[in-house]
Structure formats: structure tokens, C-alpha cells
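Shown next, in C-alpha cells, is the structure this report addresses.
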Amino acid sequence: VLRKLTVHGFVEPHRSVEVMGFLHAVFERLKQFLECSRNVGGENICRDRLEKTIILFTKVLLDFLDQHPFSFTPLIQRSLEFAVSYVFTEAGEGVVFERFIVQCMNLIKMIVKNYAYKPSKNIEDSSPETLEAHKIKTAFFTYPTLMEICRRLVTHYFLLPEEELTMWEEDPEGFTVEETGGDSWKYSLRPCTEVLFIDIFHEYNQTLTPVLLEMVHSLQGTTNMEDTSAILIKDAVYNAIGLAAYELFDSVDFDQWFKNQLLAELQVFHSRYKPIRRRVIWLIGQWISVKFKSDLRPMLYEAIRNLLHDQDLVVRIEAATTLNTQFSLNDCLPVDDFKFRTDQFLPYLESMFTLLFQLLQEVTECDTKMHVLHVLSCVIERVNMQIRPYVGCLVQYLPLLWKQSEEHNMLRCAILTSLIHLVQGLGADSKNLYPFLLPVIQLSTDVSQPPHVYLLEDGLELWLVTLENSPCLTPELLRIFQNMSALLELSSENLKNCFKIINGYIFLSSSEFLQMYATDLCRSFCELLKDITIEGQVQVLKVVENVLKVNPVLGPQMFQPLLPSVFRGIIDGERYPMVMSTYLGVMGRVLLQNTSVFSLLLSQMACELGQELDQLLGNMIEMWVDRMDNITQPERRKLSALALLSLLPSVNSVIQDKFCGIINISVEGLHDVMTEDPETGTYKDCMLMSHFEEPKVTEDEEPPTEQDKRKKMLALKDPVHTVSLQQ
């Protein structure tokens, strides 16, 4: 009750004598309880109650600091003295216990990191309270204090404890899961010490860098196999160097260290040296995104390949993790050293893929399988089509793994991700996976099946890439579309992918698809348009536009129920430019490519609106000409020009009256599409396509999918790409 009162009951608690008196008393009571704990045995109820009480007292301080940093200023000195003495000096020996150490470290960390205690770069802009707190912090964290904290963190708290070493021997996968952030690990001592180390090192790096570098220099060369404590100290120091990688950027020549020492340590295959092998490959993983020359990559791949042969499972998993880190580097970074180069990796592709696959089969824990599968996915993603000769084993294994993982939805998500990259790598050959692939998509995207809660997002992504890479439409692929109407009813964040999937079917085989599903789809779209965002409306209309583009005969007939709302939107002068642009795109397709449907629509709308047919046509042309600037895409602007020009041969006086407006927007369209031919010096319509050319793909570009090729072939039949606007 007192904790909640002090934390939440006062606006300015430092002005209350009772509050500050209570907080100062907390330190006295903590010392008393800690001294009591020295006299209480290990495993009993009294000790348990005592420890809970001690933790409750530390929570008072932590919560108060969190909510009232400036009111806490008078307590900074005392808090730091208390926490540091118990955690980093002999005062705590025989008294402290793990959860108390975690609380004390959190207290130090919150004071060190607290934004309220950091002055602005321009001191005059800082408040007196901030300057006061900063002054107390600076006075406390002297060089000897910082050096002792750093040394104790690394050489005491970073050491692998006996129980973890035992776990490594008896349950290597369990050890790996814990090390990479298992639930119990998150709340244990070592991650807390690592976070405190990172925060203190960041805040006082100029003071602490020489201390850490001196530790490293004292450990040059390989360590005596018989000296377990020396091996564990080296493991701890290397851990610190990895955690502080960004701070040490200018102080460590990592490339030289990698070549002259670390590589040699990876080649010591004695069983007692495995903590160092694991730590060194982890350390390299920490540094490759900070400072690592591109031309050293082949040496790293060689080292990782050797470690994937290691006798120790933990070392092999760590090697796979570092490979994954290498693949995950940001290609957008301008520095060449960080960019993945396929040519450097290809000599190792076959052996690495084989070894990773063997590791996937060997591990049994769900989390570890997910992790290794993710690494395999990254390999496939990076080398794309060049993976084809090596994936046979994985293709055969995934159906078995899918079956085994029926109770593990997160592992199934990892399998879906692998399948996505596999389909992209195999291209049209992915058709051979359909007996396994299509039932997986069917289950993952069926909202009546409970697993869809976990699998839907990845399942839709897999469905989409399967369509994009499909060489032809199979009956089974067509049948899966039965899942779509329920997905459209969900109106979730997955709608965008649903629309992409519908487009995929339209490009793949519009006639078969429309004959089977157009009625249901049109009904779903009519319902969606009643209650959907502006962006959603545009997405729906783009699908309709694609239907009309790909199938100008069947499309307008099958989606006729949608056309009146489009027509009405144009006449009423739809206020959202994006929506108006799409309306005009849809109507342009109907007018240009199916005049009979346009005539019927015009008659229907004249009847519904009670207007003369010619008057309605005139209003539509006028609005079209007026809102042409809403259309930003050159393809759609040319379409509008072609559609309105197609009216000009008519002797209808209304159309003759609009002659100037139509010619005006057509000339605007002409300016959009005419470009100078550098060879002849003449101008030509840049949208014209006369034949299909396979694009030349560079190493960094992804090859065109089957859908890309289909779009190119369809463009050869599209008036926008076959009719010269100038002519």
C-alpha cells in the first residue's frame, strides 16, 4: 500500500516529508533484512518470505524512480552506493540472491540511462534539476568505480555457471533455446548483466574502452585446454567485446584480429575448447554488421562450413546463426562491405545447404527446428534460382515435418516461410510441389479451420507466390479459390494480399476463373464497396480494371452489376482523386474495348436517373475532361485519351460539342507518352510494344516470374500498348 501511495498518490512527492522519510527508511530496512538472510538457511519458508519482502522493498525504489525521476534525485547517491556495494563488492557475499541482484542492476541501469538526468548538448538548455542529477552521477561514477564494475561484470557475472555447462552437456538444444531468449532466460541474471554492461559501456565508453582492451590483450593466443577457468574467462571477455561492438568501432581492428587470432581459435577442435569456438563464431556474428571487410567473407564461409561439421551441436547451431546474421545484413546500406555477394557464397552453397539440412533433421526441439529452417530459408532467398540443384532433400522432408508439427503452429509458420522462398527459387518448376503445396495453402487459408489464426498471413503469401510462379492453371489450384469469399468477408489487414491473389488468377487464366467465380466475386465486391476505406475501394476497382483489361468481352458482362456505381461516381464528381482516377480507368476500358456494354450502361443510367441519354453522355464527357488531372498514371491517361477519341467519329451533336475538350486532353496525353528516339531524332509513343523480349537480369535483380511474363504477353493485346496515340 505504501509503495502505491508514494508512487501514484503525489504530484511532487519530494515535497512530502513523510514520503521522503519512508523512502530513506527503505534502505535501512533492506540492510536489516539482508543481514537477517545471512542467518536463515537455504531452502525454507522463512527464507522464501524474507526474499519476497526484500524484493518488494526494491520495487518501491524502482517504481518511484520510474514515475518521479526528479523527485528521486536526493536518493541517487544512496541508491548507487547501496546497489554497487551489494552487487560489486564483498559486502554482498553470502547475502545476495539472484532476484535481488537483478533488481539492484535494474536500479543502476535506470539511473545511468535516465533521460531526465542527461544534460542537453547546450548546457544552458538543461534544467537545474537535470544538472543536479547529472552532477551526482558524475561524482559517483569515478574511474576506479567504473573499472571495478566493468571487471566484475565481465569476470564474475559473465562467466558461464556450472549448471549451464551441465545443461550444455546433457541437453544441448535446451541450452541453445535458453541462450537465445527462452522464457526463463529473459528473467534470469545473465541477460540483465549484459544489458547493464551495454548501457554503462555506452554511457562511459571513453573510460571503459582501455579497460576492456587490456583484458583482450592479456588473452592473446590459444588458451590451455586443461585450464577451464581460463577458458571461461576468455569466453566472458569475448562476450563483452561482442556486446560492445558498436562502441569499439574505432578502437578495434577487427579484420586483423579475425585473420590473426580468431580464425586460428575456430580451428582448435578439442572438446574442452568448444565454449571458445561457440563464442568466437558468435563474436564474428556481432561484428560483421559493424566492421568486416567484404573480401574476408569467403574465409568466414569456410570457417562456418567447418563448424557445421563440429562434434558439438551447440557450436553447429551458433555457426548457423552467424550465417543467418550475414544473410540478414541490410542490402540498402551504401557501404559495399555490408552487401551480400552471391558469387562469394556459391562455392560453399552445396556443402552448406547439405550440412544445414542435416542439422535440421538432427535437432528435435520445435524452437531449434524453426531457427535452422529460417536459416535455410535465408539461403534459398539469397541465391534464388541457383538453389534448384540442391533442394530435392528439403522438398522431400518438408511434408514429413509438416505432418509431425500438427500441434506446433509456430513451426508450421516457419515451414510456410520456407515454402515461400522455395517456390520463388524454383519458379515454374514449383508446379512439381503442388501435391503437397496446395493442401497446405488450402488448410492455412481456410477460416473455418482453427490453425488459420496462426497460418493465414504466411498462407496467403504462399498462395500469392505460387500463383505468380505457376506456369498454368490446374483444377486443384482453381479449387482453392473457394476459400476466398470468406476471406473477403473478414475485411482484415490481409485484404491487400487477397486482391493480389485475385489478380494472380485473372492474369493466369481469366476465362476459366471468371466462368467459375465471377458471380460470387462480383457479389463480394458489391458488399465490400458499401463499407471499406478509400484505399480499399481503389484496390477493388483496380481488380475490376484488370478483369476488363485482360478479358474485354467476358469482363464487362460478368462485372456489370458494379458498373452503375462507377458511372454514378463519375457523374457526381467523386471527390477523392484516387477513386476518381480508378473510376475513369474502369470506364475507359468499357468505352474503348466493349462499346455495346457501354451503350447498354448509358441507357440504363439515363433510365435510372431520369435524364436524356445525350445529356447524360455530355455530362459524363464534361466531368471526364474536367477531372483528367486526377489521373497520374501515364498508362491510364493514355487510356482516357484513346477512349474519348473513340467517340469522335460519331455524328452525335453532343460529342461534336465536346470536341475541343476531348482534343485538349488528348494533346495532354500525347505530351505524357511521346519521347525522343535517340537514334532517329524523331518522337515516338513510348508505351508501344511490338514483341515480347525476355528482360536481361543482372545478378542483383530477381528474375521475372511467370506472372511478369504473362503481364508482358497481355500488354501485346492491350490498345494502350498497341495503338499509337499520335496516329
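A few notes on this one:
- On the beta carbon distance between Q482 and E164, with R0 = 51 Å, the FRET formula returns roughly 0.50.
- Listed residues G9, G504, G681: farthest to the positive end of the dipole of the chain (Cβ charges): G9
- Using a probe of 1.4 Å, the accessible surface attributed to H691 totals some 110 Å² when neighbouring protein chains are kept in position.
- Candidate residues K137, K118, K403: accessible-area rank, largest first, probe 1.4 Å: K403, K118, K137
- Unsatisfied cross-links (Cα-Cα over 26 Å) in the set K293/K369; K431/K711; K31/K109; K118/K339; K500/K658: K293/K369; K118/K339; K500/K658
- K717, K293, K709, ranked by accessible area, largest first (probe 1.4 Å): K717, K293, K709
- Spacing of the two label points (7 Å from each Cα toward its C-beta) at Q256 and M225, in nm: 3.1
- Spacing of the two label points (7 Å from each Cα toward its C-beta) at L490 and E350, in nm: 4.2
- Cα-based reach from K234 at 17 Å (exclusive), listing aspartates and glutamates while leaving out same-chain residues under 8 positions away: E162, E164, E194, E214, E226, E265
- Placing a pseudo-label 7 Å from each Cα along the Cα-to-Cβ vector at Q557 and N44 gives an inter-label distance of 9.2 nm.
- Surface listing: S289, S418 arranged by accessible area from highest to lowest gives S289, S418, probe 1.4 Å.
- Taking all protein chains as they are arranged and a probe of 1.4 Å, the heavy atoms of I532 leave approximately 40 Å² accessible to solvent.
- Mean separation of Cα contacts under 8 Å (6+ apart) over length of the stretch 509-721, as relative contact order %: 16
- Counting protein heavy atoms only, the stretch 509-721 has 52 percent of its accessible area on carbon and sulfur, 1.4 angstrom probe.
- Overall form of the chain per C-alpha gyration tensor (a/c, 1.5; a/b vs b/c): prolate
- Shape call, the stretch 509-721: gyration tensor on alpha carbons, a/c limit 1.5: oblate
- Dipole magnitude for the stretch 509-721: computed about the Cα centre from +1 point charges on Lys and Arg Cβ and -1 point charges on Asp and Glu Cβ, it is near 580 debye.
- For the chain, the relative contact order works out to 6 percent when only alpha carbon pairs closer than 8 Å and six or more residues apart are counted.
- Per residue accessible area of the chain, 1.4 Å probe, in Å²: 47
- Here the dipole of the stretch 203-322 is about 400 debye; that uses its Cα centre as origin and unit charges on the Cβ of Lys and Arg (positive) and Asp and Glu (negative).
- Shape category assigned to the stretch 536-619 from the gyration tensor of Cα positions, a/c cut at 1.5: oblate
- Long-range HN-HN contacts of Y683 with modeled amide H, under 5 Å: D677
- For the chain, a crude dipole built from +1 on the beta carbon of Lys and Arg and -1 on the beta carbon of Asp and Glu, taken about the Cα centre, is about 580 debye to the nearest 20.
- Only aspartates and glutamates eight or more places from K496 in sequence, or on another chain, were considered; those with a Cα closer than 12 Å are E457, E461, E535.
- Note, ³J(HN,Hα) from phi for the stretch 68-84, Karplus 6.51, -1.76, 1.60, rounded to Hz, x at Gly and Pro: 9, x, 6, 5, 7, 3, x, 9, 4, 4, 5, 4, 5, 4, 4, 5, 5
- H68 long-range amide H proximity, modeled H, under 5 Å: none
- Accessible area per residue was computed with a 1.4 Å probe on protein heavy atoms; V547 scores about 0 Å².
- Farthest positive-ward along the stretch 509-721 dipole, Cα basis, beta-carbon charges - from Y583, H691, I631: Y583
- The chain - mean residue ellipticity at 222 nm from DSSP helices (-39,500 (n - 2.57) per run, n ≥ 4, rounded to 500): -21000 deg cm²/dmol
- At full extension, L688 and D520 could sit 56.9 nm farther apart than now, given 0.36 nm per residue minus the alpha carbon distance.
- The region of the chain that goes longest without hitting one of the GluC sites (Glu not before Pro) in a DSSP loop, each with at most 15 other Cβ atoms within 10 Å, is 227-364.
- Partner lysines whose Cα lies under 17 Å from the Cα of K638, excluding those fewer than 8 positions away in the same chain, are identified as K542, K549, K684, K717.
The values are calculated or read from the model by the stated rules, or taken from the named source; none is laboratory data. Bear in mind the structure is a predicted one, so any value in this text is a computation, not a measurement. Heads up, the Cβs are rebuilt from the backbone with ideal geometry, glycines too, and the neighbour counts pull from every protein chain shown. Surface accessibility is based on the protein's heavy atoms, side chains included, excluding ligands, DNA and RNA. Shrake-Rupley method; radii C 1.70, N 1.55, O 1.52, S 1.80 Å.
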